[in-house]
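This report concerns only the one structure given below.
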Number of protein chains: 2
Amino acid sequence: MEIMDLPTNKDIYSVALVIVGNEILSGRTQDTNTSWIAENLNAMGIALHQVRVVPDIEAEIVAAVNELRGKVDYVFTTGGIGPTHDDITSESIAKAFGVPYELDEVAFRILVAHYGSEENVTPPRKKMAMIPKGATLISNPVSGAPGFQMENVFVMAGVPRIMQAMFDDVKTRLSRGKPVLSNTIACSLQESAVAEPLTVIQAKYPNVSIGSYPHFRGGLLGLSLVLRSSDDPVLDKATGEVIKMIADLGGEPNALSIQSTGKKT
Amino acid sequence: MEIMDLPTNKDIYSVALVIVGNEILSGRTQDTNTSWIAENLNAMGIALHQVRVVPDIEAEIVAAVNELRGKVDYVFTTGGIGPTHDDITSESIAKAFGVPYELDEVAFRILVAHYGSEENVTPPRKKMAMIPKGATLISNPVSGAPGFQMENVFVMAGVPRIMQAMFDDVKTRLSRGKPVLSNTIACSLQESAVAEPLTVIQAKYPNVSIGSYPHFRGGLLGLSLVLRSSDDPVLDKATGEVIKMIADLGGEPNALSIQSTGKKT
């Protein structure tokens, strides 16, 4: 598995995301957490290595988390930590680690403060203070009920606004690598035209990941070439070669067609 | 694993989707294929059981496909079947099945017809006629280069318009179960208020999957309750109980807040 080949000096750390989501699998909800998390991790030198969307079934959650937590630096989960019958992520994580699932006093106090009194923390709300024994809390400034960290597994809410607020806490606990930078060059060439010269450039720059992505826009097939690397000077050198390649093929890239992310401006 | 518990009479078939996609993992591209595929499968009585987004790394593609193809009825893959160096899905599927990766004469003739002559089928384009030995082709009326089926694994393009065109061919080859119907009821109650009565309703209707999904709209936390089942009369009965529950809690659901999918109208 590629994950075994990650640099031991940790220029790049790795995350696997487990989305607990019947609502994604049913097609009802369009996931947007993946791209948000990926972009925020890029800036921290952490690569999103794999995503799994699993149903709200304990055995599936346990299997995914236990398989992935030994393979990547960090596992994130989103979804399934609310008060209803279909929220089974916290108990599943306790099963995955073989530890008790129990009321956390600090989490309970957070809920009492959020809802105003102990009486207001009804049994369903109290469920949101149940976490695996030994976990530490992840703060939730939006709606009170915390997420939690169990070893290298970070359990967050599925609602994007709450997940994003929890990530503010999570990111303080993650080791950081070298930010992943990218240049994207759009052109109107066909993939088959660029394939051979692009293979030559890719072979010359093993530390730059070069991707070729055709797309339809306005009924026309276009092409985006994406170069990604943590090494800024090498990235720019490879980008220069791709731009020259496009020009040589008559594709006329121009400044407006080049987008960069993660670069200092 | 839950998949072992699927009904043997096959009211519902199952699909796992493997998205080969560095562009999804980098955050550059927002996946939309998952929800499109899920919705189209629902109507056929086929449930999307799991999704994996894996990087463009052969070992990861092989591992995902080989793990999943024994667990579900059908595996779909999207992405990585174009002409460039980063398109490695077809060769990876050949490795997964332990068969040669070779030029398919029928696929080659399709490309010759699409591009107008044998000379126009340049080496990069010819790569798109390379498939695992024994696979059958999936037609691509949009851009010529076919996908393919290898046993229960269906290999499709990643570009949504092309994937959707290929799905027209794929769907003729899939067994069909009973369509999955759903009712969604929006209300302004809090999850903790509905948690206990909803658990009672869920216990009463084991053949209906009831989900509770909080969301932010216009800065307010709202709630959608989603009921899904292949049994229309039972679904409607359970939905009636949920509507009554909401009314009893003072949540006043109305006709405008109820959406149904898959129902005959």
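Taking K and R as +1 and D and E as -1, what net charge do the other residues with C-beta under 12 Å from the C-beta of A:Thr122 add up to?
Net of charged neighbours comes to -1.
If I take every Cα pair under 8 Å that is 6 or more residues apart in the range A:48-126, average their sequence separation and divide by the length, what percent do I get for the relative contact order?
Normalised by residue count, the contact order of the range A:48-126 is 25 percent.
If you rotate chain B onto chain A, whose Cβ in B ends up lying nearest the axis, and how many Å away is it?
Of all Cβ atoms in chain B, the one nearest the axis gives B:Arg52, 3.
Can you give the alpha-carbon Rg of the protein assembly as shown over 2.2 N^0.38 Å, where N counts its residues?
Dividing the Cα radius of gyration by 2.2 N^0.38 Å gives 1.02.
Taking the Cα centre of the protein assembly as shown as origin, sum charge times position over the Cβ atoms of Lys and Arg (+1) and Asp and Glu (-1), and report the length of that vector in debye to the nearest 20.
With only Lys, Arg, Asp and Glu charged at Cβ, the dipole is about 420 debye.
Which of these, A:Glu91, A:Glu241, A:Glu102, has the largest mean-square fluctuation under a Gaussian network model of chain A (Cα springs below 10 Å)?
Judging by the Gaussian network model, the answer is A:Glu241.
Picking from B:Leu220, B:Leu48, B:Leu111, which is most flexible by a Gaussian network model of chain B using Cα springs under 10 Å?
Looking only at B:Leu220, B:Leu48, B:Leu111, the biggest GNM fluctuation is shown by B:Leu220.
Summing Lys, Arg as +1 and Asp, Glu as -1, what charge do residues with Cβ under 11 Å from the Cβ of A:Asn152 carry, A:Asn152 excluded?
Net charge in that neighbourhood comes out at +1.
Can you give me the convex hull volume of the Cα atoms of the range B:2-173, divided per residue and expressed in Å³?
113
Using the eigenvalues of the Cα gyration tensor, what equivalent ellipsoid semi-axes result for the range B:181-261 when each is taken as the square root of five times the eigenvalue, whole Å, largest first?
The answer is 20, 14, 11 Å, longest axis first.
For the pair A:Asp236/A:Ser117, report the inter-label distance in nm, with labels modelled 7 Å from Cα in the Cβ direction.
6.4
Label-to-label distances across copies for B:Asp236, with labels 7 Å out along Cα→Cβ, in nm, shortest first?
6.8
Using the 7 Å Cα-to-Cβ label point, sort the distances from B:Lys133 to its equivalents in the other copies shortest first and give them in nm to one decimal.
Sorted ascending, the copy-to-copy spacings read 5.7 nm.
From Cα pairs below 8 angstrom and at least 6 apart in sequence, can you work out the relative contact order of chain B, rounded to a whole percent?
Dividing the mean separation by the residue count of chain B yields 17 percent.
Could you identify which residue out of A:Ser26, A:Ser182, A:Ser192 has the top mean-square fluctuation in a GNM of chain A using Cα springs shorter than 10 Å?
A:Ser192
With Cβ to Cβ distances under 14 Å as the rule, what net charge do the other residues near B:Glu102 carry (K, R +1; D, E -1)?
With Lys, Arg at +1 and Asp, Glu at -1, the neighbours total +1.
Any idea what the relative contact order of the range B:20-156 is, in percent, if you count C-alpha pairs under 8 Å spaced at least 6 apart?
Here the relative contact order equals 22 percent.
Pop out the ³J(HN,Hα) list for the range B:104-113 in order, Karplus 6.51 cos²θ - 1.76 cosθ + 1.60 with θ = phi - 60°, rounded to Hz; leave Gly and Pro as x.
Karplus values, whole Hz, x for Gly and Pro: 9, 5, 5, 4, 4, 5, 4, 5, 4, 5.
Once the label point is placed 7 Å from Cα along Cβ, list for B:Arg109 the distances to the corresponding points in the other copies, in nm, shortest first.
Relative to the other copies, B:Arg109 has label-point distances of 7.7 nm.
All of the numbers you see were taken from the coordinates with simple rules; none came from a lab. Every value quoted in this text rests on a predicted model; they were computed, and no experiment measured them. Note that each Cβ is placed from the backbone with ideal geometry, even for glycine, and that neighbours are counted across all protein chains shown.
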